[in-house]
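Before any comments, here is the structure.
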Amino acid sequence: MTGPMPEGGYFVTPNTIVMSFRTTTLLLLSLPLVAVAQKRQPIIDVHLHAMTADAQGPPPLGMCTPIAEFPHWDPSVPYVEVFMAMFKEPPCKDPVWSPMTDQELMEQTLSAMEKLNIIGVVSGDLDRVKAWQKVLPERIIPALDLHIDEHAPRPEQVGELFKQGDIAVLGELLTQYRGILPTDERLAPYWAMAEELDIPVSIHLGPGPPGVIYLGAGQYRARMHSALTMEEVLVKYPKLRVNVMHAGFPMLDDLLAVLYAHPQVYVDVGVIVYTQPRPAFYRYLQAIMDHGFGKRVMFGTDQMVWPGVIERAVQVIEEAPFLSPEQKRDIFYNNAARFLRLSPEEIERHHKL
């Protein structure tokens, strides 16, 4: 063990080793813990889900990060067989395996959030979101998944949930899976309500499961990845706060045009942060940053039934060679805090977790 070299040299003897050890130990014990091991700064994940363990198929399912090769399909066999084989026999050395039970899924997700100091915007069935929130209230910002079907809550019901504090965010809006464009008249009352009550909205515009059309989402269309599908909504409801989930991947030019024309629009990196090969994801993210939109990129994982992807997604951002420390903090926390309009008290509380 060594210590600072005093002027004139440092002569090591058994006594000086013991003295040095004792002095160092006393100094360490007298310091706050953060001075010994730097505390991880908080992260906001704006795109988390509270699901059942079988929501993506019978567990266990193995997720490769990134997906090594997207499916190729001979239509002589059902596509679902090709798709599920990718998760039942994942073609990578270190897949993330999904837990077997709902309880394990919740526990592993919340454990990852605590380990990585994550505060999550968690959407799903509202009763399940509340159950998760009860276990870890300081880390869960409740949100509401919304399908437009006969079971969808009416706009006024969503507004009441927001007023009562049951939700803080409307979304994920999953309309793309049903072939419903943002301009569809069925969505207009929700946009109007969200603007009036100042509710932030997150909408899925980007990739779902590869080949999802042939998994039952027959109205899903690739052209609906485009952020330009939101433009008339943004013009009609200019006070909306909108998060384009998955950053409209891979339609980069469309996204850049929308970000340029509509400064109120944010994006999250959603599922693409760990499913896309790093070179592809990094090119996409770097283009957004290079065009000057770094203050509107938010961290998100789209964690569904694979809690292990959360840490891997964090690593992808931490290891991005083109991001400065300040840009990483913006993506991990500052941009989402601004988008969600967190109060100074909430921000302070997050930094004390």
**Item:** Top-ranked residue in the range 94-136 [being modelled with pLDDT of 95 or more and assigned to a loop (DSSP other than H, G, I, E, B); ranked as nearest to R329 (Cα to Cα)]
**Value:** N117
**Request:** Mind listing whichever residues of the range 183-194 are surrounded by 18 or more Cβ atoms within 10 Å (Cβ to Cβ) and either out of contact with any Asp or Glu (no Cβ under 8 Å at 6 or more places or on another chain) or β-branched (V, I, T) (or both)?
**Result:** L187, Y190, W191, A194
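Against the definition (outside any helix (DSSP H, G or I) and of a type in the set (V, I, T)), how does V305 come out, yes or no? Even if it seems obvious, please write down each step before you answer.
Details: outside any helix (DSSP H, G or I): yes; of a type in the set (V, I, T): yes.
For V305, the condition - outside any helix (DSSP H, G or I) and of a type in the set (V, I, T) - is met.
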**Request:** Determine the pairs where a residue that is at negative phi, located within the range 334-353, has a partner that is of a type in the set (F, W, Y) and not in a helix (DSSP H, G or I) with Cβ atoms under 9 Å apart, the partner being 6 or more residues away or on another chain.
**Result:** N335/Y266; N335/F299; A336/Y266; A336/F299; R338/Y266; F339/Y266
**Message:** Whether any residue in the range 212-223 is in contact (Cβ under 8 Å) with a residue 40 or more places away in the chain, touching an Asp or Glu at 6+ places or on another chain (Cβ under 9 Å) and surrounded by 17 or more Cβ atoms within 10 Å (Cβ to Cβ) is what I want to check.
**Reply:** no
**Fill in**
With the first residue restricted to the range 231-251 and required to be farther than 15 Å from L181 by Cβ and free of Cβ contacts under 8 Å to residues at least 60 places away in the same chain, and the second required to be among the β-branched types (V, I, T) and in a loop (DSSP other than H, G, I, E, B), Cβ contacts under 8 Å at 6 or more apart or on different chains are H246/V269; H246/V271; A247/V269
**Message:** Regarding the range 147-170, can at least one residue be identified that is at pLDDT below 95, within 18 Å of A55 (Cα to Cα) and in contact with a helix residue (DSSP H, G or I) (Cβ under 8 Å, 6 or more places away or on another chain)?
**Reply:** yes
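Of everything in the range 124-140, what is of a type in the set (D, E) and closer than 24 Å to I203 by Cα? Give them in sequence order.
Residues of the range 124-140 that are of a type in the set (D, E), as a first pass: 125, 127, 138.
Across the range 124-140, the qualifying residues are D125, D127.
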**Single match in V18, V34, V46 (criterion: hydrophobic (A, V, I, L, M, F, W, C) and at pLDDT 95 or above)** = V46
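The values are calculated or read from the model by the stated rules, or taken from the named source; none is laboratory data. From a predicted model like this one, the values you see are computed outputs, not experimental measurements. So basically every Cβ, Gly included, is an ideal-geometry build from the backbone, and we count neighbours across all protein chains shown.
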